[in-house]
Amino acid sequence: MNGQELFGYASALVVGLVIGLAGGGGSILTIPIFVYIFSIPPILATTYSLFVVGSTSLIGSINHIWKKQVDLNVTAAFALPSFISVYLSRRFLVPALPDPLFQFEKFQLSKSDAILYFFAIVMVIAARAMIRSDRPEQGEAADGHPRYGSLALDGLAVGLLTGTIGAGGGFIIVPMLVLMAGLSIHRAVATSVLIIAVNSFVGFLGDIHHTGLNWNFLLPFTGLSIIGIFAGMYLARFVAPDRLKKGFGWFVLVVALYMISREIL
């Protein structure tokens with residue numbers, strides 16, 4: 001094992017640490033780690049990301065459920081449509097995309113490059129949301145009655161995003177749970193972790209029918225990430241959430257710009 005691979009495995013601890021501290025954001029790190037450190041093809045990297053983030057988030061969600069911080073009714077309303085969307089997109093949509101995805105004269109945009117560009121754009125949007133640290137108010141659900149129809153539609157959209165680029169979408173889920181379900185920010189984060197966990201596993205199940213996996217690599221990486229989430233959940237008691245969110249947002253922005261420059265140059 002060379003130094004680059006050792007650094008990659010050490011980064012798995014950081015993935016879990018981030019999920020434990022921030023309640024999400026793991027996929028924003030895993031895919032660049034897999035692609036640029038371990039040289040894993042982008043589409044396979046999204047599959048690996050779904051498994052790692054799903055397993056790690058599941059550990060975090062068990063802790064939140066134990067503390068009764070998860071709203072299971074809202075989880076079901078949001079997650080069931082999302083599960084359908086993420087499974088269908090991983091099982092049928094992503095494999096059906098042509099490669100190259102776009103071609104004009106001598107220019108070609110491969111499916112792998114398109115997914116990386118799309119992922120980088122999502123990272124920039126997520127970074128902006130975290131840097132601004134805007135906390136949504138009690139939008140449509142200010143009266144305390146969740147808008148289940150809106151939650152279901154949002155779930156379908158998030159499932160499509162998760163299925164396409166392998167990202168859990170926590171930066172989208174949390175505001176929606178506040179605005180459409182009337183949850184407090186803390187319950188929204190806890191509920192989001194459970195949705196991300198199951199969403200990721202459903203997407204992963206959509207992949208195993210047509211993807212060969214290196215379990216000798218995937219399981220140790222996931223194990224290190226799970227160790228990291230325990231450290232993150234412990235440290236979360238001592239770190240100011242807003243400061244953490246803003247700092248992680250700047251880090252995500254730097255990684256996104258690196259990915260874009262790497263692909264263009």
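Before moving on, here are some points about what is shown:
- The lysines within cross-link reach of LYS68, meaning a Cα-to-Cα straight distance under 30 Å and a gap of 8 or more places when in the same chain, are LYS245, LYS246.
- Each of the GluC sites (Glu not before Pro) that DSSP puts in a loop and that has at most 11 other Cβ atoms within 10 Å breaks the chain; the longest unbroken stretch is 138-265.
- The phi-based Karplus calculation (6.51 cos²θ - 1.76 cosθ + 1.60; θ = phi - 60°) puts the 3J(HN,Hα) values of the stretch 198-208 at 6, 4, 5, 5, 5, x, 4, 4, x, 8, 5 Hz, whole numbers, x for Gly and Pro.
- Share of pairwise Cα separations in the stretch 144-265, more than 24 Å, in percent: 44 percent
- The chain - percent of accessible surface contributed by carbon and sulfur, probe 1.4 Å: 67 percent
- The chain: calculated mean residue ellipticity at 222 nm from DSSP helix runs of at least 4, using -39500 (n - 2.57): -24500 deg cm²/dmol
- Per-residue HN-Hα couplings for the stretch 33-38 [Karplus 6.51, -1.76, 1.60; θ = phi - 60°; Hz; x = Gly/Pro]: 4, 5, 6, 9, 9, 9
- Qualifying trypsin sites (Lys or Arg not before Pro) for the stretch 49-91 [loop in DSSP, other Cβ within 10 Å: at most 13]: LYS67, LYS68
- Derived scalar couplings ³J(HN,Hα) [the stretch 215-226; Karplus, 6.51 cos²θ - 1.76 cosθ + 1.60; whole Hz; x for Gly, Pro]: 5, 5, 8, 5, 5, x, 4, 5, x, 5, 5, 5
- Taking label points 7 Å from Cα along the Cα-to-Cβ direction, ASP113 and SER39 give a separation of 2.0 nm.
- Extension reserve of the LEU219-VAL239 stretch, reckoned as 0.36 nm per residue once the Cα distance is removed: 4.3 nm
- A 1.4 Å probe run over the chain, with the rest of the protein chains in place, finds 48 Å² accessible per residue.
- In the stretch 3-264 the Cα-Cα distances spread across 10 Å bins starting at 0 as 8, 32, 38, 18, 4, 0 percent of all pairs.
The values are calculated or read from the model by the stated rules, or taken from the named source; none is laboratory data. In this text the structure is predicted, and so the values were computed from the model without any measurement. Positions of Cβ are generated from backbone atoms using ideal geometry, with glycine treated the same way; all protein chains shown enter the neighbour counts. Surface accessibility is based on the protein's heavy atoms, side chains included, excluding ligands, DNA and RNA. Shrake-Rupley method; radii C 1.70, N 1.55, O 1.52, S 1.80 Å.
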